[in-house]
Each structure stands twice: as C-alpha cells, then as structure tokens.
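For reference, the structure discussed in these notes is given below.
The values are calculated or read from the model by the stated rules, or taken from the named source; none is laboratory data. Small disclaimer: the values here were computed from a predicted structure and weren't measured. Every residue, glycine as well, gets a Cβ built from its backbone with ideal geometry; the counts of neighbours run over all protein chains shown. Just the protein is used for accessible areas: all its heavy atoms, side chains included, with ligands, DNA and RNA removed. Shrake-Rupley method; radii C 1.70, N 1.55, O 1.52, S 1.80 Å.
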Amino acid sequence: MASELEQLCCHVNEKIGNIRKTLSLRNLGQEPTLKNVLNKIGGEIFAVNELLNKLELEIQYQEQTNSSLKELCASLEEDYKDVEHLKENIPCHLPQVTVTQNLYMKSRLTYCQINDVIKEINKAVISKYKILHQPKASMNSVTRNLYHRFINEETKDTKGHYFIVEADIKEFTALKVDKRFHVIMNILRHCRRLSEVRGGGLTRYVIT
C-alpha cells in the first residue's frame, strides 16, 4: 500500500510540473494556435484534482482502518478480562449448605437443574458485556439498540458490577422466566451468589 501511495504522489508531482511549464504560455492564450495548449492545461488540472481526491480518500480509509484495529484489540483485551473475572466469580456448583438443602426439598429442584441455570446466567452475562465492549462502529441496528438498553438500565448501585435483567435471559438464553426460574434466583440470592437491585420497574441480578 505504501508503494502505491508513493507512485500516486510521483504521478501527481509530474502532473503539477507539466502544469507549471504550460502556464508560462498563459499570456499567449488569445492566439488561436495555442488554444489546444490551454485545453490541455485544463485537462491536466482536472486530472490532478481527481488524483488528489483519490489520495485524500485513501488516506482517510487507512486512518479509519488503523483506528478500528486499535479498538478491536482493546475490545478483545477487555473481553478476555471479563471472561477471567466471570470464571472466578460464578461457581460451577453450589455449596452444600443447610438452607439450600431445605429449599431443594421444598421446590424439588436438583443440583443439576440449578447448575444448568448458572451456566445460562454465565452465558447471558458474557453476551451482554461483549456487546458493551464492542466498537460502536461495528454494531448493527439490533446490537446498537441492545447497547443503549444496557446503558439505560445501569444505576449508581450497579456501577462496577456485572448484572443482568430478565430481558437479558430471554435475549441470550433458552431459559423460561417462570416460577421455577425465580425460585432458583432466590436460592442463588440466599447463597449470596447474586444480589438484587430494584428500581424503574426492573429487577437487576448483580453477580456477587
């Protein structure tokens, strides 16, 4: 790409040189025999203008590409940090404590069922924060709408924490937000794996 730009610059310089030479004849422009020369000058000026426009567009494209690559690298680094954080903070299984054992017997839930929900919550959190760290220039209209919803749902109490709402569960997982789902979320809250932040008609499930 650099060699192509150098060739383009040399071509532009050559055209400018030709224009300078022919402009020395501008005072003789009234002579019919030199009209062809003046027409040639006009053509050269037009050609140089077109080349300069192409050069400007190419430079802008290279600058935008470079900026997008930097944003992508930064986004990938943030995604990696998010995944590492989630691995450390979302359990693969629930601790065997008395309070949860009593809740299992009442709701007839198994460890396997609860762990499956935890995995889906993990999927929803990762999908949500991947969008939040995605370069805006690369978003389509659907992703951009999700991004704005995520931002609007944040509060001072969720600042610095990962959280999801029921809409995220429906968006990114196959879970049904039914009575059993809410029972499992209560179990996780009692186990202090989640906390709830309410407001604006939403329940925000904060990863703790």
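Values as computed for the structure displayed
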quantity: Residue selected from the stretch 172-195 under the condition within 21 Å of Tyr129 (Cα to Cα) and open to solvent by 60 Å² or more (accessible area, probe 1.4 Å), by the criterion modelled with the highest pLDDT; calculated: Ala174
quantity: Among residues of the stretch 120-134, those that are free of Cβ contacts under 8 Å to residues at least 40 places away in the same chain and more than 19 Å from Phe181 (Cα to Cα), counted; calculated: 2
